[in-house]
Amino acid sequence: MNKILTQLQKIKKENRLGIMTHIVAGYPSLQKSEKLLLTMAEAGVDFIEMQIPFSDPMADGPTIMKANKVALNNKTKIKDALDLMSKLTKKIDIPLLFMGYFNTIYNYGLEKFCLDANQAGCSGLIFPDIPLDEEQQENYIEIVRKNDLIDIRLLSPASTQDRIKKNARLAKGFVYFVARKGVTGSEKSLDKSLEKNLNKIKKHLKTPIAVGFGISEKAHLNALKGKAEIAVIGSALLNQYNDKGITGVKNFLKKIG
């Protein structure tokens, strides 16, 4: 069974909110991003998405954009991210996912990337800019699943009912719901329409829901309990790392746990 499904079963059995965190491969260096990911895993998070650096990460706010720029300046390539994934999946048991932008893996070769990702121990892919409309041309979902990976579908407050239904029919593992319009980044409060938007997509979904964008404190996690299965924390953790290093990450995860 794919590790994502196993971890979701564990979260459900323990009747709690799961946590997914985010790193950028090669930020601030490959060695330090490895240590950062291991720290998150040791702190008890359930999933970690490893972002493949990209020159124009359009869905990302300033914190993650800066991390992408540093990683690219470090000459971090897809091969480096795959090697890092392979190294880490031998050390930890939780699911690791690749996140990124489609042009990167398109240039690498989609079939080759999915095969290499599977061999590296990756459990799933999050690529927000490959819409369902292009499936007939790109065969993205078909190729991802052929390689025993789970393609994580994304929905947002702007998703139409038709779009929600189409994604719901194809969803595996969990669906990533973007909590607010705009880009990633920690916020003081959750979007006022979040609960309403979650109720709208739940009418059609059978899979668990992960909520990301703006999640930055324990109060946000408390607000999500019973409304979603996973909280995604990205920029807030990177900000802690930038300010206080590994100790800041450990203390943050302990505080919200």
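What follows is calculated from the coordinates using simple rules that are stated; it is not laboratory data. Predicted model, so just to flag it, every value in this text is computed and none were measured. When we count neighbours, we look across all protein chains shown, and the Cβ atoms used for this are built from the backbone with ideal geometry, even at glycine.
Structure notes:
- Quotient of the Cα radius of gyration of the chain and 2.2 N^0.38 Å, N being its number of residues: 0.93.
- Applied to region 160-169, the Karplus parametrisation 6.51 cos²θ - 1.76 cosθ + 1.60 on θ = phi - 60° returns per-residue 3J(HN,Hα) values of 6, 4, 4, 5, 4, 4, 5, 5, 4, 5 Hz, with x for Gly and Pro.
- Calculated [222 nm] ellipticity per residue, helices only, for the chain: -14500 deg cm²/dmol; basis is -39500 (n - 2.57) per DSSP H run with n ≥ 4, divided by all residues, nearest 500.
- From phi via Karplus (6.51, -1.76, 1.60), per-residue ³J(HN,Hα) for region 133-139 in Hz, x at Gly/Pro: 4, 9, 4, 5, 8, 9, 6
- Residues of region 55-99 with amide N under 12 Å of the 7 Å Cα→Cβ point at Lys35: none
- Distance between the pseudo-spin-label points of Tyr108 and Leu132 (7 Å out from Cα toward the beta carbon): 2.6 nm.
- Averaging the sequence gap over all C-alpha pairs within less than 8 Å and six or more residues apart, then dividing by the number of residues, gives region 16-90 a relative contact order of 40 percent.
- Distance (nanometres) between label positions extended 7 Å along Cα→Cβ at Lys69 and Lys90: 3.5 nm
- The convex hull drawn around the Cα atoms of region 1-129, when projected onto a plane and averaged over every direction, covers 7.7 nm².
- Residue order, fewest to most surrounding Cβ atoms within 10 angstrom, among Ile52, Ile256: Ile256, Ile52
- Here the residues Phe54, Phe98, ranked from fewest to most Cβ neighbours within 10 Å of their Cβ, fall in the order Phe54, Phe98.
- Cross-link reach list, lysines versus Lys244, counting only Cα pairs under 23 Å and skipping chain neighbours closer than eight places: Lys32, Lys35, Lys66, Lys69, Lys188, Lys218, Lys254, Lys255
- Shape call, region 199-257: gyration tensor on alpha carbons, a/c limit 1.5: prolate
- Footprinting exposure proxy for Tyr140, Tyr27 (fewest neighbouring C-beta atoms within 10 Å first): Tyr140, Tyr27
- Antiparallel DSSP beta bridges within region 3-256, percent to nearest 5: 0 percent
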